[in-house]
Amino acid sequence: MATLYQHAHVVTCDGRPGDRLGVIVDGAVVVEGGRIAWVGATADAMTAARAIGAIHHVEDLHGALLTPGLIDCHTHAVFAGDRAAEFALRAAGASYLDLAAAGGGIAATLGPTRAASTDTLVELTRARLERARGFGTTTIEIKTGYDLTLPGELRLLDVIAEVGAGARLTVVPTLLCHLIPPEQTPDRGGYVAALRDQLLPAAVGRAKSVDVYCDDGAFTLDETRQLLTAARRLGLGVRAHVGQFADLGGAELVASLGGLSIDHVEQISPRGIAAAAAAGTVAVMLPGACVQLRLPVPPVAALRAAGVAMAIATDLNPGSSFSENLPLQLWLATTHFAMTVEEAWLGVTVYAARALGLVDRGRLAVGLRADLCIWDAAHPAEVAYHYGAQRPTRVAVAGSLS
C-alpha cells in the first residue's frame with residue numbers, strides 16, 4: 001500500500017550541476033513502506049504509482065513545497081541549567097574566552113548537568129527535540145560533553161539512547177571530548193589517557209562517532225591526534241571542532257584520518273581546506289554560534305572554490321547558540337555567511353547527512369527513507385527569506401506524517 005503526494009514543488013536535493021536542488025515544478029512523490037518508491041512529474045504519477053502497487057491514499061498538496069526532512073548534524077542538546085546571565089554579559093561586551101576564564105562557558109554547565117537526574121535530562125532533551133521537529137528536523141545529532149567524567153559521559157550516552165528510543169525523529173549519538181575539566185588540570189596527560197584507553201572503548205556500540213574540541217582552551221593537536229586515532233582504530237567515526245578561535249591544524253588531522261567532518265572552521269588555512277577537499281571531509285557551518293560570539297565568518301568562498309562540501313547546523317547548546325531552529329540557520333547562512341540558497345539547502349540535507357555518515361536520507365530519491373517536510377511556500381528561498389517564521393505544516397519521518 002502506497003501514498004501518493006502530488007501537485008507539489010518537489011525539492012529533491014538530487015539534481016545535477018546547475019540545478020543541484022533538482023526542483024520538480026508540479027512534482028509528485030510515492031511513499032511505500034517508509035521509503036520513497038517514486039519521484040517525478042505529477043502528470044506521470046498515477047501510472048507510476050499503479051505499477052508500484054495499490055495506492056491507499058492520494059494527497060493533493062496544491063503547489064506546496066515538498067522537501068527532504070532537515071538534518072541537524074551538530075548539537076549539544078543534552079544539558080541542564082541555563083546561561084542567560086552569561087548571554088547578558090556577552091551582550092555587554094564580554095568575550096567567550098573572557099567568560100571561560102572567569103569560570104563561565106562550558107564549565108558553567110557542568111555543575112547543573114552533573115547534578116540533574118537522568119530522568120530530568122531525558123525530559124529536557126525530549127522537549128528540545130520536539131521543538132526541533134517542529135522546525136522540520138527529522139534527523140538530529142546529539143553530543144555528550146557536559147559532564148566530563150568518564151561515568152558521567154557514559155550516562156549522557158545512555159540519556160541520548162533513551163531519548164532516541166522514544167523520539168519522533170532519528171537521533172545520532174556522538175561522544176564528545178569537550179575539554180579538560182577543572183579538577184583534572186593537574187594531570188592533563190592522565191585524563192587524556194583515560195579518555196583514550198577507557199572511555200572510547202566503552203563508547204563502542206553506544207556512539208556512532210567521536211568528536212574532539214581541538215582549539216585554544218580545549219584539546220591540543222597532539223591530544224586530538226591521540227583521541228581520534230584511537231577512535232578510528234575502534235571503528236568509530238571521526239569528527240572534530242576545529243578553528244573556532246584558532247587554527248591548530250585540526251582540519252588536516254581530521255582529513256588525514258578520513259574523518260566525517262570539521263565543524264566551526266572560522267579559522268582554517270588553505271592547506272586545511274585543500275586537505276578537507278581531497279578527503280571528502282564535510283565542513284559544518286554553525287552560523288548561530290558564529291554570530292552570537294561575534295567571530296569572523298568562515299572562508300566560504302575559499303571552501304566553495306576548493307569543492308569542500310558545506311553543511312549547516314544549529315549548534316544547539318546553552319552558551320553560544322540556544323536554538324533548535326534550523327530554518328533560522330538557513331537565513332544566517334545566506335546572509336551573514338554569503339552562501340547561496342542552493343548551498344544552504346544542501347547544507348541541511350545532503351551534506352548534513354554526509355557529515356553524519358548517513359547514506360539513506362537527505363535526498364528525495366528512490367529507495368531512501370521517506371523523511372519529508374511540507375511547507376506553505378512555493379520556492380526554497382522562502383524558507384530562509386521569512387526568517388524565524390517558517391515552519392513546515394507537516395513532517396514525515398520514515399513515511400509517518402503528522
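The values are calculated or read from the model by the stated rules, or taken from the named source; none is laboratory data. The model shown is predicted, which means the values in this text are computed figures rather than measured ones. Note that each Cβ is placed from the backbone with ideal geometry, even for glycine, and that neighbours are counted across all protein chains shown.
Points to keep in mind about this one:
To keep it simple, each residue is scored yes or no on (1) aliphatic (A, V, I, L, M); (2) under 18 Å from A398 (Cα atoms).
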| site | (1), (2) |
| --- | --- |
| T12 | no, yes |
| V29 | yes, yes |
| R50 | no, no |
| L61 | yes, no |
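- For the stretch 337-349, the set of residues classified as among the β-branched types (V, I, T) and crowded, with 24+ Cβ neighbours inside 10 Å consists of V348, T349, listed by residue number.
- Cβ-Cβ contacts under 8 Å between residues 6 or more apart (or on different chains), taken from a first residue in the stretch 28-48 that is under 16 Å from L372 (Cβ atoms) to a second residue that is aromatic (F, W, Y), are listed as A28/Y5; A28/W38; V29/Y5; V29/W38; V30/Y5; V30/W38; V31/Y5; A45/W38.
- Residue within the stretch 306-321 that is aliphatic (A, V, I, L, M), assigned by TED's automatic domain parsing to the domain that holds L169 and either loosely packed, with under 15 Cβ neighbours inside 10 Å or without any contact (Cβ under 8 Å) to a residue 40 or more places away in the chain (or both) present: yes
- Enumerated strands (runs of 3 or more DSSP E) restricted to the stretch 152-243, each holding at least 3 residues that are in contact with a Lys or Arg (Cβ under 6 Å, 6 or more places away or on another chain) and at pLDDT 95 or above: 170-177
- Yes/no for T220 being in the same structural domain as P299 (by TED's automatic domain parsing), farther than 23 Å from E141 by Cβ and in contact (Cβ under 8 Å) with a residue 12 or more places away in the chain: yes
- Qualifying positions in the stretch 338-349 - in a loop (DSSP other than H, G, I, E, B), in contact (Cβ under 8 Å) with a residue 60 or more places away in the chain and over 20 Å from R35 (Cβ atoms): V348
- Residues that are part of a loop (DSSP other than H, G, I, E, B), modelled with pLDDT under 95 and small (G, A, S) within the stretch 350-402 comprise A378, G388, A389, A398, G399, S402, listed in sequence order.
- Selection from the stretch 27-52 of residues that are in a strand (DSSP E or B) and of a type in the set (D, E, K, R): E32, R35
- Residue within the stretch 343-357 that is within 30 Å of H56 (Cα to Cα), in the same structural domain as R168 (by TED's automatic domain parsing) and of a type in the set (A, V, I, L, M, F, W, C) present: yes
- Count - residues of the stretch 2-26 that are assigned to a loop (DSSP other than H, G, I, E, B) and on the phi > 0 side of the Ramachandran plot: 3
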